[in-house]
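Everything below concerns the one structure shown next.
The values are calculated or read from the model by the stated rules, or taken from the named source; none is laboratory data. Just so it is clear, the structure is predicted and the values come from calculations on it, not from any experiment. Here the Cβ positions follow ideal geometry from the backbone for every residue, glycine too, while neighbour counts run over all protein chains shown. Calculation scope for accessible area: heavy atoms of the full protein, side chains included, ligands and nucleic acids excluded. Shrake-Rupley method; radii C 1.70, N 1.55, O 1.52, S 1.80 Å.
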2 protein chains.
Amino acid sequence: MSQATINGVMNGVNIDRLGGMIQIVQQNPTLATFHFRAKNKWITGGHNRSTIQSFYGAGQEFMRKNAFVLDSDEPPALLGTDQGPNPYESVLHALAAGLTTSLVYHATARGLHLESVESTLEGDLDVQGFLGLSDKVRRGYKEIRVHFAIKSDASAEQLDKLIRFSPVLDMVSNPVPVSIHIEKQ
Amino acid sequence: MSQATINGVMNGVNIDRLGGMIQIVQQNPTLATFHFRAKNKWITGGHNRSTIQSFYGAGQEFMRKNAFVLDSDEPPALLGTDQGPNPYESVLHALAAGLTTSLVYHATARGLHLESVESTLEGDLDVQGFLGLSDKVRRGYKEIRVHFAIKSDASAEQLDKLIRFSPVLDMVSNPVPVSIHIEKQ
């Protein structure tokens, strides 16, 4: 939340390293390839747990010392025990985080200061789709609404443009091919 | 991970309550409407934090006593400080959790026992898209591969069919309209 550029850092992002990353990828586009990963294990009922530790990117494997551990569950109203946010809430978290990160990095690359960024998201789900009760009702969100409250020198139009670089916005707004392979054990 | 139905519970899901939920929604489809929510606050650089607490569903507001708090950050390779999984990893968590939950609930509704369910997911991202270096490279995942290892009496074909009821699979595979409103403060 820095308002000034201190030691080459703006908005908490190292400007030299950001510029360096852009240059390296421009010179060698194969370094732009990343593979992100998650493992998940069912516990019981609506409760399951993901671990996130390794990824590939910039031509090498990365292994974090400790995995991030994320629990997912349904609330009692959806027959779970509320051990974590449910999958639909996790989609909103991923989208919020992705939009915000895109804004911060792209603002920094353009020398635009951010003072604060807050967002609220709401998605509309009709569980008739999930329950298979109607073919006319889609299973996923019908719509997601995002409201940002931002303190910055940049205009709302500039901010809107930078937010839209978000890869997660693309993943939610446009189709991503998903292949599913099931191994019976 | 129950292999038997004990006190009306199979796979950790209360069968009577699941049947009751389906019946209630069939009789009154307006009760199928859910609104899920998340709030997010930027901290600095790639680090931001979501809180998830309330939702609307089955005709009423629900407020959890404590919010779930989820940190998002980028790894050092992407100029962050690794305070949490990044937004692309969070998408994989949401998808893994959603596919697994759908499998468990739909298997239970059909009287199919599950003993264990594990999954690994990998998504391919080319950061040329995010960095705005190429219009030919999409910003989001080009593809996501999911591998399930499942112990169950059901066949791989049955399991595959049940997994595909997942609302998150629909959200990732098909477009979800996202409206973004920016309020300058």
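Residue check, A:G8 against (1) in contact with a helix residue (DSSP H, G or I) (Cβ under 6 Å, 6 or more places away or on another chain); (2) surrounded by 15 or more Cβ atoms within 10 Å (Cβ to Cβ), all met but one. Which one?
Going through the list (1) in contact with a helix residue (DSSP H, G or I) (Cβ under 6 Å, 6 or more places away or on another chain); (2) surrounded by 15 or more Cβ atoms within 10 Å (Cβ to Cβ), A:G8 breaks only (2).
Starting from residues that are within 17 Å of A:Q60 (Cβ to Cβ) and either in contact (Cβ under 8 Å) with a residue 12 or more places away in the chain or more than 10 Å from chain B (Cβ to nearest Cβ) (or both), keep the ones in region A:16-30 and report whichever is surrounded by the most Cβ atoms within 10 Å (Cβ to Cβ).
Step one: of region A:16-30, the residues within 17 Å of A:Q60 (Cβ to Cβ) are A:17, A:20-21, A:24-25, A:27-30.
Next, from what is left, pick out any that are either in contact (Cβ under 8 Å) with a residue 12 or more places away in the chain or more than 10 Å from chain B (Cβ to nearest Cβ) (or both): A:24, A:27-28, A:30.
On the way: A:I24: 14, A:Q27: 8, A:N28: 11, A:T30: 9.
Top of the filtered list is A:I24.
Tell me the strands (runs of 3 or more DSSP E) entirely within region B:15-84 that contain at least 3 residues that are touching a Leu at 6+ places or on another chain (Cβ under 9 Å) and of a type in the set (F, W, Y).
B:33-44
Within region A:129-185, can you find the residues that are without any contact (Cβ under 8 Å) to a residue 60 or more places away in the chain, β-branched (V, I, T) and within 16 Å of A:A107 (Cβ to Cβ)?
Once the filter is applied, which keeps residues that are without any contact (Cβ under 8 Å) to a residue 60 or more places away in the chain, β-branched (V, I, T) and within 16 Å of A:A107 (Cβ to Cβ), region A:129-185 yields only A:I150.
(1) closer than 28 Å to A:A96 by Cα; (2) assigned to a loop (DSSP other than H, G, I, E, B); (3) open to solvent by 10 Å² or more (accessible area, probe 1.4 Å): which one isn't true of B:L112, the others all being true?
Condition (1) is where B:L112 drops out.
I'd like the full set of residues that are among the acidic types (D, E), within 7 Å of chain A (Cβ to nearest Cβ) and assigned to a helix (DSSP H, G or I), limited to region B:118-172.
B:D160, B:D170
Return yes or no: is A:G98 open to solvent by less than 20 Å² (accessible area, probe 1.4 Å), of a type outside the set (A, V, I, L, M), at pLDDT 95 or above and in a helix (DSSP H, G or I)?
The answer is yes for A:G98.
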